[in-house]
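The values are calculated or read from the model by the stated rules, or taken from the named source; none is laboratory data. What you see is a predicted model, and the numbers here were worked out from it, not measured in a lab. Neighbour counts run over all protein chains shown; Cβ positions are idealised from the backbone, glycine included. The area values use the complete protein model at the heavy-atom level, side chains included, leaving out ligands, DNA and RNA. Shrake-Rupley method; radii C 1.70, N 1.55, O 1.52, S 1.80 Å.
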Amino acid sequence: MALYVSGCRQKCRVIILSKKTSNGWSDIEENFNIVYLPFNSYFVGAIYLLPYLFFKSYGDVCFTFSSQTIINGTLGLAKRLGVIKAKVILRESNSIFQLLSGYKLKIYSLFYAMGYKGSSLVITQTNYMKRQLMEALPALTKKLNIKTISNPFNFDDINTRTGAIDKEYETKKFIVAAGRLAPAKGFDILIEAFKDIAVIKNDLDLIILGEGAERNNLNKKIEELGLKERIHMPGYVKNVYAYFKRAEVCVLSSRIEGFPNVLLQMMSQNTAIVATLSAGGIEDIPNIQTCPTENTEKLKSSIINVLQSDTKANKPIFDSFLKSRTQSSFYAQIMESVK
């Protein structure tokens, strides 16, 4: 959305609440002003955000857009306190009340209570997410403007993130998965499923793209299963579309998601897709192979089924689905819904 707004010749500023630790924004930093706050933790950055906004005087900003509960609550509170005048647009990034429990859930609930009343619009990615939010916080959500707006797909992103795959994998056949190396992504389950697939398909490897705190645990699991030569984790790569296009199957193995944009990216490049039912709306996508979450056997059988199927006819179906999720449509729906 930052790229889209900037492309429409509107001024756009981006505030990252922690130090720069990845290259996720580096290829677009020239397009607009990006500020990185000097903290190791985004939580500390969120606390600092209130005085930062006050002293920086962002009085010329018309809209703010955020997509993480703590940051959402902080911006909503800034609006309620008069620190900012902009209309506050909040997007739910995940099904928080299904994902969290205990003291973490209490902290997140506090930020809902403190800030969400300051919003002009709360976006949920799916109707399931909207129902979950309303059931968890009925008193609060009655006072909010909540709209379900499906995630957009950035077609221009394909042009900027193409290129060749690493030479190490050019001659290999492989399954690919991508995302932050975190428990929610279910890569440990995918590795378990691949253990048997590797025996059946002895010419097939698994590539997991992404970086994160679970790298050591996943590497340990790979070594324990004797799959060090068959499973590869090259880390963050810019040219994800090249890997998606070359893969025999693209897999989403997550335990829980808000709605996985990576699934849309995969559909733009490949017709052989397996996805766990880790978010509302996945079951409505035509012609992808779905399976339950946290079920190694079902994930394995789904991957094998797709490997043995001719999926070429899915291309026009996927293309049609993606064209209903343009950035311009997403932006227009936001502007129509803001109060």
Give the cross-link partners of Lys56 among the lysines, using a straight C-alpha distance below 20 Å as the criterion and excluding same-chain residues fewer than 8 apart. Lys11, Lys19, Lys79, Lys85, Lys87
Over what distance in Å are the Cα centres of the stretch 279-310 and the stretch 87-146 separated? 29 Å
With each run of n ≥ 4 DSSP H residues scored as -39500 (n - 2.57), what mean residue ellipticity at 222 nm is computed for the chain after dividing by its residue count and rounding to the nearest 500 deg cm²/dmol? -12500 deg cm²/dmol
Going residue by residue through the stretch 39-47, the Karplus relation 6.51 cos²θ - 1.76 cosθ + 1.60 with θ = phi - 60° gives ³J(HN,Hα) values, rounded to whole Hz and with x marking Gly or Pro, of 10, 7, 10, 5, 5, 5, x, 5, 5
Considering amide H positions built from the backbone, and no H for Pro or chain starts, which residues 5 or more places from Cys291, or on another chain, come under 5 Å of its amide H? Ala275, Thr276, Leu277
Largest fluctuation, Glu257, Glu283, Glu135 only, Gaussian network model of the chain with Cα springs under 10 angstrom, belongs to Glu135
State, as an integer percentage, the relative contact order of the stretch 188-339 based on alpha-carbon contacts under 8 Å between residues 6 or more apart. 21 percent
Heavy-atom accessible area of Asp156, protein chains in place, probe 1.4 angstrom, given in Å² to nearest 10, is 100 Å²
Taking Cα pairs under 8 Å and at least six residues apart, what relative contact order does the stretch 173-262 come out at, in percent? 46 percent
Count the net charge of all other residues whose Cβ sits under 14 Å from the Cβ of Gln68, scoring Lys and Arg as +1 and Asp and Glu as -1. +2
Please compute the net charge surrounding Glu294, taking Lys and Arg as +1 and Asp and Glu as -1 over other residues with Cβ under 14 Å from its Cβ. 0
Kindly express, to the nearest 10 degrees and within the range 0 to 90, the angle between helix 327-337's C-alpha long axis and the longest C-alpha principal axis of the chain. 40 degrees
Summed side-chain charge close to Glu214 - residues other than Glu214 whose Cβ falls under 9 Å, Lys, Arg +1, Asp, Glu -1: +2
